[in-house]
Amino acid sequence: MNCKTLEWKNKELILIDQTKLPTEVEFVTLNTLQGVFDSIKDMIVRGAPAIGVTAAYGVAIAANNIAIDTVEEFKTELLKQCEYLETARPTAVNLSWAIHEMEKVVASYMGDSVEELKKQLEEAAIDIHNSDIAINKAIGENLLSLLNDNDTVLTHCNAGALATSEYGTALSPFYLAKEKGMTLKVYADETRPRQQGARLTAFELFNAGVDVTLITDNMAAEVMKEGKINAVIVGCDRIASNGDTANKIGTLGVAILANYFNIPVYIAAPTPTIDMAIATGADIPIEERDGEEITIINGDYVAPKGVKTYNPAFDVTPSELITAIVTEKGIVRAPFKEGLKQLFENK
Ligand code: MRU
């Protein structure tokens with residue numbers, strides 16, 4: 001893995017600018033809450049786990065910038081800023097999950113030193129960052145146990161190193177396979193409209209020497225029909241307690257196709273992406289983005305200016321189309337409601 005998605009250095013957050021990849025590798029340095037908010041909203045950083053880790057550092061940054069020295073007033077101001085940060089993007093639950101983890105640090109601090117609380121917040125953000133790396137590695141190992149040498153996997157969007165702190169979730173097994181001398185091949189869907197598959201998945205796997213073949217989204221059925229695909233592995237932005245899974249728009253179509261062709265569908269799922277508070281996928285808020293993501297490519301209109309568009313950024317795959325939800329704590333199969341509940345009971 002050659003790309004460091006995010007780095008914490010001297011109380012600043014350095015992000016690779018994912019809007020510029022693959023043609024330019026540029027970094028942005030963030031030291032304000034607004035900068036962090038805008039980077040999430042404008043998708044300089046994207047991918048559910050990376051959004052969560054960024055948000056945790058965002059809270060640490062916000063805390064460092066608050067010049068109030070009475071603890072109660074400091075807490076009130078910080079919680080207000082946390083509330084704002086939570087509105088940056090709606091679908092990936094990792095954003096609110098990470099902010100709530102940071103809020104727990106605020107709530108449990110009973111001392112009288114704002115400086116000490118700021119220190120604890122920074123440490124908590126670093127912990128969230130480090131635990132994301134460990135989670136991804138464990139998910140990769142669990143996914144590998146479902147694959148055979150020489151298998152070919154189709155993936156959609158980017159749930160790789162760029163979408164996380166390291167390794168990725170859905171792409172983690174390919175990096176681990178390489179480390180272990182096992183051969184796996186990947187077909188990456190382009191993933192319109194923002195082309196995360198072409199710009200990010202193909203970029204990171206190609207640079208890491210993983211055998212990756214890029215296809216446009218409408219080719220997935222054909223490669224499945226040709227018998228080229230042994231498994232589908234995708235990431236997720238939020239999983240409801242019954243296993244319904246929100247992921248990048250187009251995932252639902254891929255899952256329907258895979259079921260038709262009897263290909264297993266695996267969801268690579270860090271437990272912070274599982275939202276046990278909601279019953280089904282119908283409760284997942286789906287982000288709708290600007291229609292110009294569809295009508296403009298590389299600055300040029302590819303559709304009549306002003307034409308009506310509809311641009312949901314995510315869709316929900318019902319749990320009956322999912323073969324297994326692969327977490328860092330184990331592999332969950334149907335009935336998902338029971339299996340997911342057990343994950344959180346056996347801590
Ligand atoms: O809009 P994006 O690029 O943030 O969407 C990303 C995805 O849908 C990923 O598949 C998901 O966040 C999992 S990342 C490990």
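Qualifying trypsin sites (Lys or Arg not before Pro) in region 278-310, where qualification requires a DSSP coil assignment and no more than 10 other C-beta atoms within 10 Å, comprise 305, 308. Are there DSSP H segments in the chain that both extend 15 Å or more along their axis (alpha-carbon positions) and score a mean Kyte-Doolittle hydropathy of at least 0.5? List them, or say none. Long hydrophobic helices here: 48-65. Once the Cβ-Cβ distance between residue 150 and residue 76 is put in as r, and R0 is 45 Å, what FRET efficiency do you end up with, to the nearest 0.05? Calculated value: 0.20.
The candidates 333, 238, 194, arranged from most to least accessible area with a 1.4 Å probe in the full protein assembly, appear as 333, 194, 238. Modelled spin-label separation between residue 286 and residue 19, with each label point placed 7 Å from Cα along the Cα-to-Cβ direction: 2.5 nm.
Within the accessible surface of the chain, defined with a 1.4 Å probe on protein heavy atoms only, the carbon and sulfur portion equals 51 percent.
Take 13-21, 196-204 and order them by the average number of nearby Cβ atoms within 10 Å per residue, most first; the result is 196-204, 13-21.
Counting only helical runs of four or more DSSP H residues, what would the 222 nm mean residue ellipticity of the chain come to if each run contributes -39,500 (n - 2.57) and the total is spread over all its residues? Please report the intermediate quantities before stating the final value.
Values: 11 runs with 133 residues, N = 347.
Calculated at 222 nm, the ellipticity per residue is -12000 deg cm²/dmol.
For residue 107 and residue 65, a Förster radius of 25 Å and the Cβ-Cβ distance give a FRET efficiency of 0.80, rounded to the nearest 0.05. The residues of the chain have, on average, 42 Å² of accessible surface per residue, using a 1.4 Å probe with all protein chains present. In terms of packing, defined here as the mean over residues of other Cβ atoms within 10 angstrom, the peptides 78-88, 102-112 line up highest first as 78-88, 102-112.
Gaussian network model of the chain, Cα springs within a sub-10 Å range: biggest mean-square fluctuation belongs to which of 208, 240, 255? Taking springs between Cα atoms under 10 Å, the residue moving most is 208.
Residues of region 127-164 with an amide N closer than 13 Å to a point placed 7 Å from the Cα of residue 180 along the Cα-to-Cβ direction: 137-151.
The values are calculated or read from the model by the stated rules, or taken from the named source; none is laboratory data. This structure is a prediction, so every number in the text was calculated from the model and none was measured. FYI the Cβ positions are ideal-geometry reconstructions off the backbone, even for glycines, and counts take in every protein chain you see. Remember, those area values only see protein heavy atoms, side chains included, never the ligands or the DNA or RNA. Shrake-Rupley method; radii C 1.70, N 1.55, O 1.52, S 1.80 Å.
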